[in-house]
């Protein structure tokens with residue numbers, strides 16, 4: 001009986017030891033394939049990559065950066081859109097429409113048309129009227145009046161016509177001038193007088209000074225030399241054509257109207273040297289309009 005009890009105790013101990021070994025083996029075993037597949041993938045961070053930040057809302061984007069010495073200007077569209085033409089004129093077709101809040105770069109000007117470049121690289125021509133509502137980088141409305149004044153101050157060539165009276169007879173003249181400096185100009189004039197008893201053709205070349213040429217209302221003074229030709233009507237018996245050298249002195253006033261137009265009024269004293277010992281004086285005044293470019 002004692003031997004049987006000892007055998008039972010030994011068998012029971014072996015069974016407990018086997019169960020403990022089996023439990024330990026299950027605890028240290030690798031995870032099943034399904035568990036590994038369902039686990040989240042590790043996140044790999046590239047320390048050299050730049051951080052990605054959310055883009056700013058449309059309309060709040062800063063203007064593009066330009067080189068320090070770039071002679072261009074960046075403005076933002078405030079109207080619903082602006083139209084880009086293929087050339088500097090309304091006769092050129094519209095090929096692209098830039099929307100509100102987009103930044104455009106002004107690269108070149110031709111009269112009242114500006115060549116601009118959009119953010120996506122579209123290049124076209126826009127009229128000044130559409131650009132007058134654009135905004136600068138500081139949020140202020142862009143003014144193009146200073147550009148027009150700059151055109152006036154940097155004018156080189158003028159072409160104009162005037163009407164008035166030579167002595168007491170109607171006169172018409174055309175003139176063109178070229179600015180040599182800020183205060184000096186060279187001007188050429190062709191004129192014609194249609195009188196009752198005779199007609200007169202003349203030309204003269206003047207040196208003109210304009211001390212306050214940077215002002216909208218500017219006086220000027222001119223002196224010059226030229227030629228004078230007076231031809232009487234054929235109904236007059238014995239009348240002869242007169243050719244003579246001509247000298248003149250003028251005093252006038254110019255007024256910059258707008259865009260590229262200038263109004264002008266002048267008073268001129270003409271001296272025709274009809275003979276070695278004889279000269280004739282004529283007084284004339286004219287009112288004209290000129291265009292500069």
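Where a number appears in this text, it was derived from the coordinates with a stated rule and is not lab data. In this text, all values refer to a predicted model and were calculated from it rather than measured experimentally. Every residue, glycine as well, gets a Cβ built from its backbone with ideal geometry; the counts of neighbours run over all protein chains shown.
Numbers below:
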item	result
Residue exposure sequence - 159, 84 - by fewest surrounding Cβ within 10 Å	159, 84
Zero-based 5 Å bins, Cα pair distances in segment 155-292, whole percents	2, 10, 19, 24, 17, 12, 8, 5, 2, 1, 0
Mean Cα-pair separation over length for segment 73-143, i.e. relative contact order, pairs under 8 Å, 6 or more apart, %	34
Residues residue 231 and residue 152, FRET efficiency given R0 of 30 Å [Cβ-Cβ distance, rounded to 0.05]	0.15
Taking segment 109-266 and dividing mean pair separation by its residue count, relative contact order in percent (alpha carbons under 8 Å, at least six apart)	12
Sorted by Cβ density within 10 Å, fewest first, the residues 290, 218, 168	168, 218, 290
Separation of the residue 242 and residue 86 label points, Cα + 7 Å toward Cβ, nm	6.1
Additional length obtainable on full extension of the chain from residue 283 to residue 167, 0.36 nm per residue less Cα span	41.2 nm
Residue order, fewest to most beta carbons within 10 Å, for 204, 110	110, 204
Potential extension, residue 109-residue 291 segment - 0.36 nm per residue separation minus Cα distance	63.7 nm
